[in-house]
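Visitor: Quick one: the structure is below, and I'll ask about it shortly.
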Amino acid sequence: MIRLHNVSKVYPLKGGRDNGPQTVQALKNINFHVPAGQVHGVIGLSGAGKSTLIRCINLLERPTTGSVSVDGQELTGLSRQALNQARHRIGMIFQHFNLLTNRTVFANVALPLELMGMKRAEIGERVTPLLELVGLAEKAAEYPAQLSGGQKQRVAIARALASRPKVLLCDEATSALDPQTTSSILALLRDINHTLGLTILLITHEMEVVKSICQRVSLISDGELVEESDVGDFFTAP
Ligand code: ADP
Ligand code: ADP
């Protein structure tokens, strides 16, 4: 479902120092595959390249070399328009939720559908069940500022699901939440994986998150994938 082939990412360093390096290699020759329906975690220290890796999958960052395919479609060579279409199959949620503060809960979830040009009535038919799925049907008319962190992330999850993606990318999605709220968001993601068959790739620096919902886990260190295994083996290995 998600496949990376020889992906590398080099960032230019702004204001380049005279003697030091002019670039940072954030990813080195990543080869990686997540089969359909799997929940896969990528863990690693701060600066290891996790965020770059996940952003390369929907091309929020463009890999310097290598190819990325999602749901059988190669993304790195697509035109802007074709990429916008392909992104409907890739939902994403973030550490700080990235909701629009001047839009209601309903209108935040409706936004990607409006951008797709969907008709009003159809948008309503799609958004209402999503708000029910995430347990926020009664909050439709409220604004993000009126919600708790966990509720905001639920809105973001509903918004990410609005275009009926095949893949959900989670960028430190529980890192801003307390342990109890984290558990409830992870339970929701597990539920979505089961009921919708959605493939989930998450990055986190928290082992507990991986233990709680992932089947497979990769360890990234200094831009390289250094280990991959089933979660049970990963945590029992000597
Ligand atoms: P992580 O998510 O694991 O903390 P990142 O992917 O954010 O790691 O960063 C990997 C490396 O790339 C780090 O050395 C970081 O400083 C560098 N980096 C990330 N984004 C940029 C950028 N936009 N420009 C330059 N360097 C960057
Ligand atoms: P904008 O003014 O930027 O279009 P709105 O807040 O008016 O944003 O909402 C965008 C869409 O979502 C509109 O179609 C609106 O009717 C619908 N909408 C907003 N809040 C609700 C709600 N609580 N219940 C049903 N539909 C809503």
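The values are calculated or read from the model by the stated rules, or taken from the named source; none is laboratory data. Computed from a prediction, not measured in an experiment: that's the story for all the values here. Positions of Cβ are backbone-derived with ideal geometry, glycine not excepted, and every protein chain shown enters the neighbour counts. Calculation scope for accessible area: heavy atoms of the full protein, side chains included, ligands and nucleic acids excluded. Shrake-Rupley method; radii C 1.70, N 1.55, O 1.52, S 1.80 Å.
Visitor: Taking 8 Å as the Cα distance limit and 6 or more residues as the minimum spacing, I'd like the relative contact order of the chain as a percentage.
Guide: 28
Visitor: Pairs of alpha-carbon atoms within less than 8 angstrom and 6+ residues apart define the contacts here; what relative contact order does segment 23-161 have, in percent?
Guide: The value is 21 percent.
Visitor: Related question: How big is segment 92-138 by the Kirkwood estimate over distinct Cα pairs, in Å?
Guide: Answer for segment 92-138: a Kirkwood hydrodynamic radius of 11.3 Å.
Visitor: Another question, then. How much accessible surface does MET1 have with a 1.4 Å probe, in Å² rounded to 10?
Guide: 50
Visitor: Provide Rg over Rh for the chain; use the alpha carbon set for both Rg and the Kirkwood Rh (inverse mean inverse pair distance).
Guide: 0.98
Visitor: Note the direction-averaged projected area, equal to a quarter of the hull surface, for the Cα convex hull of segment 2-64, in nm².
Guide: That works out to 5.0 nm².
Visitor: Equivalent ellipsoid semi-axes for segment 159-238, as square roots of 5 times the alpha carbon gyration tensor eigenvalues: give them largest first, rounded to whole Å.
Guide: Working through the eigenvalues yields semi-axes of 22, 15, 13 Å.
Visitor: Can you give me the long-range amide H partners of HIS205? Hydrogens built in the peptide plane at 1.01 Å from N, cutoff under 5 Å, separation of 5 or more residues or another chain.
Guide: Hits under the 5 Å cutoff: none.
Visitor: If you don't mind, another one. Do you know the Lys pair count in the chain for C-alpha distances under 14 Å, with sequence separation 8 or more or different chains?
Guide: Eligible lysine pairs with Cα atoms under 14 Å apart amount to 4.
Visitor: Can you tell me the FRET efficiency between GLU132 and ASN84 if r is taken as the Cβ-Cβ distance and R0 is 30 Å, rounded to the nearest 0.05?
Guide: Efficiency, from the Cβ-Cβ distance: 0.60.
Visitor: So, R0 is 35 Å and r is the distance between the beta-carbons of GLN146 and ASN6; what FRET efficiency does that work out to, to 0.05?
Guide: The pair GLN146/ASN6 has a calculated efficiency of 0.15.
Visitor: Considering the Cα positions of segment 47-91, please state its Rg to one decimal place and its Dmax as a whole number of Å.
Guide: 10.4, 32
Visitor: Output the 0 to 90 degree angle, nearest 10, between the alpha-carbon long axis of helix 120-133 and the longest principal axis computed from the alpha carbons of the chain.
Guide: That works out to roughly 70 degrees.
Visitor: Within a Cβ distance under 15 Å of LEU59, other residues only, what is the Lys/Arg minus Asp/Glu net charge?
Guide: +3
Visitor: Using only Cα atoms, what Kirkwood radius does segment 101-238 have, in angstroms?
Guide: The Cα-based Kirkwood calculation yields 16.3 Å.
Visitor: Now for a separate question. If the viscosity is 0.890 mPa s and the temperature 25 °C, what translational diffusion coefficient in µm²/s does Stokes-Einstein give for segment 179-218 when Rh comes from Kirkwood over Cα pairs?
Guide: Reported coefficient: 231 µm²/s.
Visitor: If the viscosity is 0.692 mPa s and the temperature 37 °C, what translational diffusion coefficient in µm²/s does Stokes-Einstein give for segment 112-158 when Rh comes from Kirkwood over Cα pairs?
Guide: Value of D from the Cα-based Kirkwood radius: 292 µm²/s.
Visitor: Write down the radius of gyration of segment 49-149 and its Dmax, each obtained from C-alpha positions, in Å.
Guide: 16.0, 46
Visitor: What longest region of the chain stays clear of trypsin sites (Lys or Arg not before Pro) that DSSP places outside H, G, I, E and B and that have at most 13 other Cβ atoms within 10 Å?
Guide: The longest uninterrupted stretch comes out as 120-238.
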